[in-house]
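The values are calculated or read from the model by the stated rules, or taken from the named source; none is laboratory data. Quick caveat, the model's predicted, so the values are computed rather than measured. Please note: Cβ atoms are built from the backbone with ideal geometry, for glycine as well, and neighbour counts cover all protein chains shown.
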Amino acid sequence: MQRQRIILISAIAVALLAGFFGGTQYIKHQNAVAADSIIREIINKDLGKDSAIDFGLFWQVWDKLHESFVDQQKLDSQKLVYGAISGMVQAAGDPYTTFFEPTTSKKFQEEVSGAFSGVGMEIGMRGSAITVISPIKNSPAIAAGIRAGDIIITIDDTSTEGMDVDEAVSLIRGKKGTTVRLSIARKGAEQLVNFSIVRDTIRVPAVDWVMLPNAIAHLQVYSFNGNLDAEFALAVKEIQTAGARGIILDVRNNPGGLLDSAIYLAGWMLPSDSLVVQEQFSDGHIDQLRTTGNARLASTPITVLMNGGSASAAEILAGALHDIRGIELIGEKSFGKGSVQQLESFYNGSSLKVTVAKWLTPNGVSISETGIAPTIEVLMTVEDYEKNGWELGVPGKDPQLDRAVEVMQNR
């Protein structure tokens, strides 16, 4: 029992140190005196005693669980430690601040790097509902007909009510070739829509482009992952070699990703030293992040396509292009995922994704509070999806793209 307590004390101390002091220095024991002080504050086992942090009730529950729980063999001290840390993090009340056990931490970092297993869709929390931010191109989710804005009601008959995003992700993912059943509430649908989707290895594409009539390049950016910077540079080289006179930058169904890549792309399309995004921290301090790129596309006519599946880094880029260059934003209002997460990794492979700031556009618009509104609204209807043979990125079958082409041709 004493060993179990020591293990738990160490784990909680590490988590608190990460939150209070930035994590890294204290995890490495570079300030043993301060660490010992915090441990003394949380070790109190006596209920009602004055202490900076009273853990008396916690230890009482811990002891009672180990004394009375009917299936003692099922009690895993490591899982209890992870559960305690997860509960502490969830109590912060932010859906984007998450503790990852080693296994889920590895999956998360694989997704950011551009390859993972699952059905291929980004999900998030909208209000209290698990919502599809965007399905990924060429994924099982796309093939099945999943759309941005779909609300997931059940996963394999398990209700998502009260479920957090990471629990939902864990249930949806699985071994390649297995099937997950989803029940979806969809705008315009009178009844729930049911899907059975076979899981597969998901490789997240970064960019793709085609030349449309009148020398207009349609450049789709699917995700701000680790492959984007190099693929975008190559695409721009090809577009310029092909003689494009303008670019339709398409970030629809782009769930975002790496902030650095959003700033990198902005550096191609905005003048040097342009403000891209402002980070507002809890103490009111604001950092301004600016372009350092080559500005090679700064004078190229550009329009942006976005929708409710455009989130995070995609919203940052769209907001900066509009605020700095007055570029038209065509489509639908973006998702509104406008906060900064920092990933802290720990010694055993676990990690903490913690929200440290909020994003503001150059003009001071809070992305998380309002999202980015289009300057030219083109809403997609049920008829567009189901009756008119809609296909994303296909002229004549994509009303939003058709409107962007019209805007570019009139310039």
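Restricting to the stretch 372-394, count the residues that are at pLDDT 90 or above and part of a loop (DSSP other than H, G, I, E, B).
6
A266: hydrophobic (A, V, I, L, M, F, W, C) and over 21 Å from S368 (Cα atoms), yes or no?
No, not satisfied.
Report, ordered by the first and then the second residue, all pairs with beta carbons closer than 9 Å, sequence separation of six or more or different chains, a first member in the stretch 281-295 that is of a type in the set (V, I, T), and a second member that is in a loop (DSSP other than H, G, I, E, B).
Cβ pairs passing all conditions: T291/L270; T291/P271; T291/S272; T291/D273; T291/S274; T292/S272; T292/D273.
Return yes when G284 is over 24 Å from E406 (Cα atoms) and touching a Gly at 6+ places or on another chain (Cβ under 9 Å) and no when it is not.
On the way: over 24 Å from E406 (Cα atoms): yes; touching a Gly at 6+ places or on another chain (Cβ under 9 Å): no.
Judged against the criteria, G284 is not a match.
In the stretch 293-320, what residues are within 14 Å of Q240 (Cα to Cα) and of a type outside the set (K, R)?
Kept after step one, since they are within 14 Å of Q240 (Cα to Cα), are these residues of the stretch 293-320: 295-302.
Correct list: A295, L297, A298, S299, T300, P301, I302.
Could you list, in sequence order, the residues of the stretch 250-282 that are of a type in the set (S, T, Y) and not in a helix (DSSP H, G or I)? Lay out the reasoning, then the answer.
Filtering the stretch 250-282 for residues of a type in the set (S, T, Y) gives 261, 264, 272, 274, 282.
The answer is S272, S274, S282.
Kindly indicate which of G309, G349 is over 23 Å from R411 (Cα atoms) and surrounded by fewer than 22 Cβ atoms within 10 Å (Cβ to Cβ). Spell out the reasoning first.
Details: G309 fails: surrounded by fewer than 22 Cβ atoms within 10 Å (Cβ to Cβ).
The conditions single out G349.
Using the structure shown, decide if K79 is surrounded by 10 or more Cβ atoms within 10 Å (Cβ to Cβ) and modelled with pLDDT of 90 or more.
Details: surrounded by 10 or more Cβ atoms within 10 Å (Cβ to Cβ): yes; modelled with pLDDT of 90 or more: no.
Taking the combined requirement at face value, the residue does not satisfy it.
Need the failing condition index for Y264 against (1) at pLDDT below 95; (2) buried (at least 17 other Cβ atoms within 10 Å of the Cβ); (3) of a type in the set (S, T, Y), just the number.
(1)
Among the residues of the stretch 360-371, count how many are on the phi < 0 side of the Ramachandran plot and part of a loop (DSSP other than H, G, I, E, B).
Narrowing the stretch 360-371 to residues on the phi < 0 side of the Ramachandran plot: 360-363, 365-370.
Okay, now just the ones that are also part of a loop (DSSP other than H, G, I, E, B), so 361-363, 365.
The number of residues fulfilling the criteria is 4.
Quick one: which residue in K353, K397, K337, K333 is over 30 Å from G284 (Cα atoms) and not hydrophobic (A, V, I, L, M, F, W, C)?
Details: K353 fails: over 30 Å from G284 (Cα atoms); K337 fails: over 30 Å from G284 (Cα atoms); K333 fails: over 30 Å from G284 (Cα atoms).
After applying the criteria, what remains is K397.
Is it the case that the stretch 191-206 has a residue that's assigned to a loop (DSSP other than H, G, I, E, B), within 30 Å of D157 (Cβ to Cβ) and without any contact (Cβ under 8 Å) to a residue 24 or more places away in the chain? If you could, list the steps in order and put the result at the bottom.
Within the stretch 191-206, the subset assigned to a loop (DSSP other than H, G, I, E, B) is 191-192, 199, 204-206.
Adding the requirement that they be within 30 Å of D157 (Cβ to Cβ) leaves 191-192, 199, 204.
After this cut, where a residue has to be without any contact (Cβ under 8 Å) to a residue 24 or more places away in the chain as well, the list is 191.
Yes, the conditions are met somewhere in the stretch 191-206.
Could you please let me know if A373 is touching a residue at least 24 places away in the same chain (Cβ under 8 Å) and surrounded by fewer than 18 Cβ atoms within 10 Å (Cβ to Cβ)? Please lay out each step first, then the result.
On the way: touching a residue at least 24 places away in the same chain (Cβ under 8 Å): yes; surrounded by fewer than 18 Cβ atoms within 10 Å (Cβ to Cβ): yes.
It is true that A373 is touching a residue at least 24 places away in the same chain (Cβ under 8 Å) and surrounded by fewer than 18 Cβ atoms within 10 Å (Cβ to Cβ).
Would it be correct to say that R403 is among the basic types (K, R), in a helix (DSSP H, G or I) and in contact (Cβ under 8 Å) with a residue 60 or more places away in the chain? Reasoning before the result, please.
Details: among the basic types (K, R): yes; in a helix (DSSP H, G or I): yes; in contact (Cβ under 8 Å) with a residue 60 or more places away in the chain: yes.
Yes, satisfied.
Looking at (1) over 23 Å from T97 (Cβ atoms); (2) modelled with pLDDT under 85; (3) not aliphatic (A, V, I, L, M), which one does N194 not meet, given that it meets all the others?
N194 satisfies all of (1) over 23 Å from T97 (Cβ atoms); (2) modelled with pLDDT under 85; (3) not aliphatic (A, V, I, L, M) except (2).
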